Amino acid sequence: MTSPVVIDILGVPVHAVTMADTLALVEQYMAEPRLHQIATVNPEFVMAAQSDPDFRRVLHAADLCIPDGVGLLFAARRQGRSLPERVPGSELVYHLAEQAAQHGWPLFLLGAGAGVAAEAARLLVERYPGLVIAGTFAGSPAVEENDDIVRRINDSGAALLFVAYGAPKQDKWIARNRANLPAVRVAVGVGGSLDFVTGRSVRAPAWMQRLGLEWLHRLIREPWRWRRMLALPRFAWRVVVG
Ligand code: UDP
């Protein structure tokens with residue numbers, strides 16, 4: 001597939017891709033010897049980027065910003081444009097692990113709480129036999145830890161990297177280390193996806209996903225996120241009113 005169409009949503013680029021397009025692009029990226037950054041953009045990202053120029057720059061410099069939120073599909077439609085489907089990061093991690101197993105791309109899982117990355121790695125290998133786990137490490141996005149983490153990843157021989165530090169930290173982490181990870185071809189900020197893989201978080205039931213109510217499920221299960229989630233009505237307001 002050639003370069004995907006990009007749609008500007010409140011100053012943030014979002015690519016008009018399906019899950020199948022995303023996987024095809026990843027295969028293409030794997031053949032080019034440089035790090036490609038993928039961000040899983042949702043309305044919270046867009047609102048965070050309004051007041052964080054650094055984050056905005058990181059998203060503009062990313063190779064692929066997948067539409068991980070129904071709100072983005074709605075916002076695109078308001079502009080008379082179209083995003084073909086939602087591409088959830090929490091599903092992408094499974095597809096990429098499967099692809100990695102098929103192609104022999106060594107995968108490194110960075111971030112999430114203590115023990116989560118290691119457990120997620122074990123579960124993914126169980127699900128996709130043949131998957132090569134280059135390494136796992138929780139670490140932290142703190143600058144003091146940067147060099148040590150970069151060394152671990154480089155020593156591991158990873159070609160594919162998941163970074164689970166939540167947005168915008170994970171995306172900034174990848175951006176600032178683009179040039180430091182010569183063997184990594186694709187790096188994805190995966191948010192809380194490893195918590196889903198291990199069952200620490202549970203995704204909304206299918207009917208809620210269909211109705212675009214995944215955010216409500218998250219709010220009920222993790223009510224302490226309410227302040228961050230105010231981004232959603234603010235996003236809707238900006239999209240509708242301008
Ligand atoms: N996380 C981390 N270190 C940090 C901040 C977050 O490992 O300094 C992890 C956290 O444990 C979780 C993941 O980042 O597994 C995603 O966090 P959150 O749910 O806030 O991100 P979102 O999915 O909303 O992007």
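Every read-out reported here was derived from the displayed coordinates using simple, explicitly stated rules and does not represent laboratory data. Treat the numbers as computed from the prediction; the structure is a model and nothing was measured. Neighbour counts are summed over all protein chains in view; Cβ atoms, including those assigned to glycine, are modelled from backbone coordinates with ideal geometry.
Label-to-label distance for Y94 and A24 is 2.3 nm, based on points extended 7 Å past Cα in the beta-carbon direction. The stretch 5-65 and the stretch 99-114 have Cα centres spaced 20 Å apart. Translational diffusion coefficient of the stretch 109-242 (Stokes-Einstein, Kirkwood radius from Cα pairs, 20 °C, 1.002 mPa s): 129 µm²/s.
Simple spin-label estimate for S201 and V5 gives 3.0 nm between the two label positions (7 Å along the Cα-to-Cβ direction from each Cα).
The protection proxy used here, the mean number of other Cβ atoms lying within 10 Å of each residue, ranks peptides 77-89, 41-53 as follows, highest first: 41-53, 77-89. Each label was represented as a point 7 Å from its Cα along the Cα-to-Cβ direction; for N146 and R127 these points are 3.3 nm apart. Kirkwood Rh and Cα-based Rg: tell me the resulting Rg over Rh for the stretch 61-107, rounded to two decimals. Ratio value, two decimals: 1.13.
The alpha carbon radius of gyration of the chain, expressed as a multiple of 2.2 N^0.38 Å, is 0.96.
Place a label point 7 angstrom from the Cα of M208 along the Cα-to-Cβ direction, then list the residues of the stretch 43-68 whose backbone nitrogen is under 16 Å away. Output list for this probe position: empty. Using a cutoff of 8 angstrom between alpha carbon atoms and counting only pairs six or more residues apart, the relative contact order for the stretch 122-222 works out to 22 percent.
The convex hull built on the alpha-carbon positions of the stretch 52-177 has an orientation-averaged projected area of 8.8 nm².
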